[in-house]
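Structure first, then comments.
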Amino acid sequence: MLTKLWRSLPFQTGFSIALGAVLLTLILSITVYNWTIKKVVRDSNLRISQLVSTVERSASIAAYLDNSELALDVTQGLVKNDIVTGVSLRSDSGMRIISGSPFNFNDDNILHFSLANPFMTDEKIGDIFIKPNQNNIDAQATQMGFIFVSMLTTHSLIITIFVIFLVQSRLTRHLTVLAKTLHKIEPGSVERLQCPPLHRNDEIGLLVRDTNQLLTAVQNTLEGERRLREYSETLEKQTRKEAERDPLTNLLNRRAGERAIARALQKAEAGKTRCAIMLIDLDKFKPINDTYGHDAGDHTLVTISNRLIKTLRKNDIVIRWGGDEFLILVQQGHGDLQESVIADKILAALAVNIDLNENTKASIGGSIGISLYPDHGTDATHLIDLADKAMYHIKRSGRNGHFIHTPGDSV
Amino acid sequence: MIKRQRLILLLITLLASPLQAGVVVIVNAENTVNDFNQRQLVDLYMGRDLYFPNGQMALRLDQSPDSKVRKNFYANLVGKTVAQVNAYWARLLFTGRASPPQVIRNSKDVLKAIRNNFNAVGYIDEKDLEDGVRVIAHVD
């Protein structure tokens, strides 16, 4: 979570700005604080100089006359100011007057003023030494420094917040939204990025437009590929169908039929169910072909095919086996395999007249030979062969009927 | 010797400034004090040093506050007006150690006081100079 936050652009931006502001504030604060201390000391010294200049005349006279009363008056007056803690007035002729706390004249912060002879100003006659009130200076420096630094800090803080807010609202917020939206968009989908209304003409707008162009290009490419795939699949399906189906009747052709029968028998073996293989040969088909032509023959075959499909169940297999021969595999349903009933149904369907044209109806029938799996064998070829023999048995014995192979029956 | 000195001085002063009336500082003719330089004179009159070099305390005489000679004396000696000098003494009054010169009404009385007092010292307009006193300094 933390790593995620750390890696996010808004956080990084904000953090960098804040860090910069803190460093800048720190450096400026130290500079300002040092400057403040210097200024306070300078101000204090200036005030002391001004104070001294107001009593300079009296101090000079005191030093001139070695008048300690006047000197004390001067030094005590100076010491009363809160910026001064100690004053010493000395005359060159030996007077020493000190007011306030004693101090070392060699200290760095001691202020020194020369006193001139009041009547001969080019002649020095004494000195005043003043010790400034360090506590007062420190307190003032601290107070002023604190005010400056807190103003600076507040200032930096406000600007930092403002900049972060600006960057966030103008830039990174949109980038974050765009990144998240883009992340969710699947390649090839119709979804597009939305451009924030105020950024249509800037870099964000450009980014959105270019990204959308890329998305469109990707979508088009994928779409084209999908169409191509669909087309090739359709083509393949059609080819396979053409290979498997008899073009006239749309039934399975012989080759595909053999495969279908093999599969059905495997399934029957696994499910321990029974199947019937029925070979149908149309009666009286050749005369129709001869008399009414191939179109009529074709029409008859199509009609018969449709009737067979209609009569049988969906999972039964209907194959165009040869010219006017059909092979059927009937699977056992929930109940017993009722091959005879089915055969009769088929015969009934075949018996219905066929309209060859407006005036001509043809009546055909069929001969059905039947073999049973697994009763008569398990091999498809063998079973078909048995059905074929049974069918010929019907043909010979008068047509339009069915015959179930009987083992041991020498046909 | 002294007379000759005095004559020479007199001659010099007469020759030097017949129009510009200088101020002379005088003592009793019997006083053997050496001539005063300006510093000695300032220290004497501004109260820093109240004694002659021989240890005798000097009796300092001032002229009337309104007098021209007093104005000239202080103007030339310390570059201050009579009022400024008065302010100086006033400032020192509260210390209890103010010792301003004694004020004498006019030059005649100054001359008289000096003739009568061995330790007196005063100043007069040069043209009012008389016998019985000795000039120890010229202030101009």
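The values are calculated or read from the model by the stated rules, or taken from the named source; none is laboratory data. Note that the structure is predicted; figures quoted are calculated from it, not measured. Positions of Cβ are backbone-derived with ideal geometry, glycine not excepted, and every protein chain shown enters the neighbour counts. Surface areas here come from the heavy atoms of the whole protein model, side chains and all, with no ligands, DNA or RNA. Shrake-Rupley method; radii C 1.70, N 1.55, O 1.52, S 1.80 Å.
Taken over region B:40-50, the criterion of being under 22 Å from A:Leu70 (Cα atoms), over 11 Å from the mean Cα position of the chain (by Cα) and not in a loop (DSSP other than H, G, I, E, B) is satisfied by B:Asp43 alone. Where helices (runs of 4 or more DSSP H) sit wholly within region A:2-114, those with at least 3 residues that are farther than 30 Å from A:Gln168 by Cα and in the same structural domain as A:Ile125 (by TED's automatic domain parsing) occupy A:9-65, A:68-79.
Scan region A:83-107 for residues that are of a type in the set (D, E, K, R), closer than 22 Å to A:Gln140 by Cα and either open to solvent by less than 20 Å² (accessible area, probe 1.4 Å) or at pLDDT 90 or above (or both) and the total you get is 0.
Summed over region B:96-113, residues that are touching an Asp or Glu at 6+ places or on another chain (Cβ under 9 Å), within 14 Å of another protein chain (Cβ to nearest Cβ) and surrounded by 14 or more Cβ atoms within 10 Å (Cβ to Cβ) total 2.
Given the structure, is A:Ile48 out of contact with any Cys (no Cβ under 6 Å at 6 or more places or on another chain), open to solvent by less than 10 Å² (accessible area, probe 1.4 Å), more than 30 Å from B:Met46 (Cα to Cα) and among the aliphatic types (A, V, I, L, M)? It is false that A:Ile48 is out of contact with any Cys (no Cβ under 6 Å at 6 or more places or on another chain), open to solvent by less than 10 Å² (accessible area, probe 1.4 Å), more than 30 Å from B:Met46 (Cα to Cα) and among the aliphatic types (A, V, I, L, M). Does A:Ser367 satisfy the criteria of being surrounded by fewer than 19 Cβ atoms within 10 Å (Cβ to Cβ) and either outside the structural domain of A:Ala264 (by TED's automatic domain parsing) or touching a residue at least 24 places away in the same chain (Cβ under 8 Å) (or both)? Answer is no for this residue.
Is it the case that region A:290-310 has a residue that's open to solvent by 70 Å² or more (accessible area, probe 1.4 Å), under 20 Å from A:His405 (Cβ atoms) and either in a helix (DSSP H, G or I) or of a type outside the set (Gly, Ala, Ser) (or both)? I'd like the intermediate steps shown before the answer.
Here is the first cut: in region A:290-310, the residues open to solvent by 70 Å² or more (accessible area, probe 1.4 Å) are A:290-292, A:294-295, A:299, A:306, A:309-310.
Of the ones still in play, those that are also under 20 Å from A:His405 (Cβ atoms) are none.
Looking through region A:290-310, none of the residues is open to solvent by 70 Å² or more (accessible area, probe 1.4 Å), under 20 Å from A:His405 (Cβ atoms) and either in a helix (DSSP H, G or I) or of a type outside the set (Gly, Ala, Ser) (or both).
The single condition among (1) more than 23 Å from B:Asp128 (Cβ to Cβ); (2) polar (S, T, N, Q); (3) within 13 Å of chain A (Cβ to nearest Cβ) that B:Gln56 does not meet is (3).
Residues A:Leu171, A:Leu157: which one is farther than 30 Å from B:Leu77 by Cα, among the hydrophobic types (A, V, I, L, M, F, W, C) and surrounded by fewer than 16 Cβ atoms within 10 Å (Cβ to Cβ)? Working first, answer last.
Details: A:Leu171 fails: surrounded by fewer than 16 Cβ atoms within 10 Å (Cβ to Cβ).
Of the residues listed, the single one that is farther than 30 Å from B:Leu77 by Cα, among the hydrophobic types (A, V, I, L, M, F, W, C) and surrounded by fewer than 16 Cβ atoms within 10 Å (Cβ to Cβ) is A:Leu157.
Among the conditions (1) closer than 19 Å to A:Asp66 by Cα; (2) more than 14 Å from chain A (Cβ to nearest Cβ), the only one that B:Pro65 does not satisfy is (1).
When A:Phe162 is tested against (1) within 14 Å of another protein chain (Cβ to nearest Cβ); (2) open to solvent by 60 Å² or more (accessible area, probe 1.4 Å); (3) of a type in the set (Phe, Trp, Tyr), just one condition goes unmet, and that condition is (1).
Would you confirm whether or not region A:202-219 contains a residue that is within 18 Å of A:Leu166 (Cα to Cα) and loosely packed, with under 12 Cβ neighbours inside 10 Å? Yes, because at least one residue in region A:202-219 is within 18 Å of A:Leu166 (Cα to Cα) and loosely packed, with under 12 Cβ neighbours inside 10 Å.
A single member of B:Leu77, B:Leu93 is among the aliphatic types (A, V, I, L, M), within 14 Å of chain A (Cβ to nearest Cβ) and open to solvent by 60 Å² or more (accessible area, probe 1.4 Å), and it is B:Leu93. Taking the conditions (1) within 11 Å of the chain's Cα centre (by Cα); (2) open to solvent by 30 Å² or more (accessible area, probe 1.4 Å) in turn, B:Asn116 satisfies each one other than (1).
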